[in-house]
1. Among A:Ala100, A:Ala78, which is the only one that is open to solvent by less than 40 Å² (accessible area, probe 1.4 Å) and in contact (Cβ under 8 Å) with a residue 60 or more places away in the chain?
2. Working only within region A:103-121, note down all residues that are open to solvent by less than 40 Å² (accessible area, probe 1.4 Å), assigned to a loop (DSSP other than H, G, I, E, B) and closer than 30 Å to A:Arg165 by Cβ.
3. Count, please, the residues in region B:10-46 that happen to be open to solvent by less than 30 Å² (accessible area, probe 1.4 Å) and within 15 Å of the chain's Cα centre (by Cα).
4. Condition first: modelled with pLDDT of 85 or more and more than 25 Å from A:Arg79 (Cα to Cα). Now tell me which residues in region A:20-43 satisfy that.
5. Answer with yes or no whether A:Asp89 is open to solvent by less than 60 Å² (accessible area, probe 1.4 Å) and over 16 Å from the mean Cα position of the chain (by Cα).
6. Need the failing condition index for B:Ala29 against (1) assigned to a strand (DSSP E or B); (2) away from chain A (no Cβ under 14 Å); (3) small (Gly, Ala, Ser), just the number.
7. Under 9 Å between Cβ atoms, which residue pairs at least 6 apart in sequence (or on different chains) link something in region B:1-23 that is more than 8 Å from chain A (Cβ to nearest Cβ) with a partner that is of a type in the set (Phe, Trp, Tyr) and not in a loop (DSSP other than H, G, I, E, B)?
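The values are calculated or read from the model by the stated rules, or taken from the named source; none is laboratory data. From a predicted model like this one, the values you see are computed outputs, not experimental measurements. Don't worry about glycine lacking a Cβ; one is built from the backbone with ideal geometry, like all the others, and counts go over all protein chains shown. Please note that ligands, DNA and RNA were not included when accessible areas were found on the heavy atoms of the full protein model with its side chains. Shrake-Rupley method; radii C 1.70, N 1.55, O 1.52, S 1.80 Å.
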Amino acid sequence: MAPGILGKKIGMTQIFDGQGRVIPVTAVQAGPCVVVQRKTVEKDGYSAIQLGLVEFIKESRVTKPRLGHFKKAGVEAARYVREFPIAGDAELKAGDRILAAEFKPNDRIDITAKPKGRGFQGVVKRHGFSGGPDSHGSMTHRAPGSIGQSSYPSRVIKGVRMGGRMGGTKVTTIGLQVVEVLEEDNVILVRGAVPGPNGGYVMVRRSQKQ
Amino acid sequence: MQNAILDKIDQMKMREGVAKMEPGDTVRAHVRIREGEKERIQIFEGTVIAQNNTGLRETVTLRKISFGSVAVERIFPIHSPIIAEFEIVRRTRVRRAKLYYLRNLRGKAARLRERDRR
């Protein structure tokens, strides 16, 4: 059983369940993926598989070192390559295909992706501070308030949450649920939202926690 | 929606053979109601005053006058499995897509003219 798959976020929609309830789902183009390399404890010090997402991509778009890496495994050039840890005795080798059909409805998965960049954001949006009152003469609307003490320590402690760049750093949403798998299209429908923009690459893993 | 796969999901989930309703039609909506273990069909008959054509999320708004004075409007998601069927009872001639003006009319003024069947 494959530990995970690579995919691309297509977008969100809604479907009905049997009782007529609406379920929000994100469609993820999951695979086809190909094992680019099998890492072993003997050779690499740890056991993992390296997966590539099979998309049509010109060979000239891939760096030469990477192209050589694909050639060695005898697989197509892939734009998105990621590694998944795997048990040492797992029977997966370079060249093996991994498809969306690996997943079944109600499987729990974790999705790792790069969310949309939000730019420089204040403390209310970035850290969920409540800000000050909007009216009644208030002059602190979205300000953070106090960021520390006075004469002692006379400085701001490191790590105090302030405004700054938000988004654009890797995020994992855990415990997502597979609602449906469209095998012929290699698409899985995941309940709820998935990080990243439509068209962004995502890494789908089986949840450790069930 | 523009994405081919999202469209395909919609297409796949859409139910077929739904009566084609138009604003001004009087329609009987057969709704499945679950009461504990048992399931029965409840009928809601009303005039189509609005439609929202958005693929799988397509809805129709039915308005009826119950007990002669209380207006009831219900929005039905056409492709929801709780809907058993729609039955068109009567078709009328109207000149708008949304018949919200009926909300401000009552009694005789709120009548709609039957459409010529030709």
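1. Numbers: A:Ala78 fails: in contact (Cβ under 8 Å) with a residue 60 or more places away in the chain.
A:Ala100 is the lone residue from the list that is open to solvent by less than 40 Å² (accessible area, probe 1.4 Å) and in contact (Cβ under 8 Å) with a residue 60 or more places away in the chain.
2. A:Pro115
3. Taking region B:10-46 first, the residues open to solvent by less than 30 Å² (accessible area, probe 1.4 Å) are B:10, B:21, B:23-27, B:29-31, B:44, B:46.
Subsequent filtering for residues that are within 15 Å of the chain's Cα centre (by Cα) retains B:21, B:23-27, B:29-31, B:44, B:46.
Going through region B:10-46 one residue at a time, the tally reaches 11.
4. If the condition is that a residue be modelled with pLDDT of 85 or more and more than 25 Å from A:Arg79 (Cα to Cα), then A:Arg21, A:Val22, A:Ile23, A:Pro24, A:Val25 are the ones that fit.
5. Here the answer is no, as A:Asp89 does not meet what is asked.
6. (2)
7. Pairs that qualify, where the first residue is more than 8 Å from chain A (Cβ to nearest Cβ) and the partner is of a type in the set (Phe, Trp, Tyr) and not in a loop (DSSP other than H, G, I, E, B), are B:Val18/B:Phe86; B:Ala19/B:Phe86; B:Met21/B:Phe86.
Yes/no per residue for (1) within 30 Å of A:Ile109 (Cα to Cα); (2) loosely packed, with under 12 Cβ neighbours inside 10 Å; (3) out of contact with any strand residue (DSSP E or B) (no Cβ under 7 Å at 6 or more places or on another chain):
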| residue | (1), (2), (3) |
| --- | --- |
| A:Gly131 | no, no, yes |
| A:Ser135 | no, yes, yes |
| A:Ser138 | no, yes, yes |
| A:Ser146 | no, yes, yes |
| A:Ser151 | no, yes, yes |
| A:Arg155 | no, yes, yes |
| A:Gly159 | no, yes, yes |
| A:Gly168 | yes, no, yes |
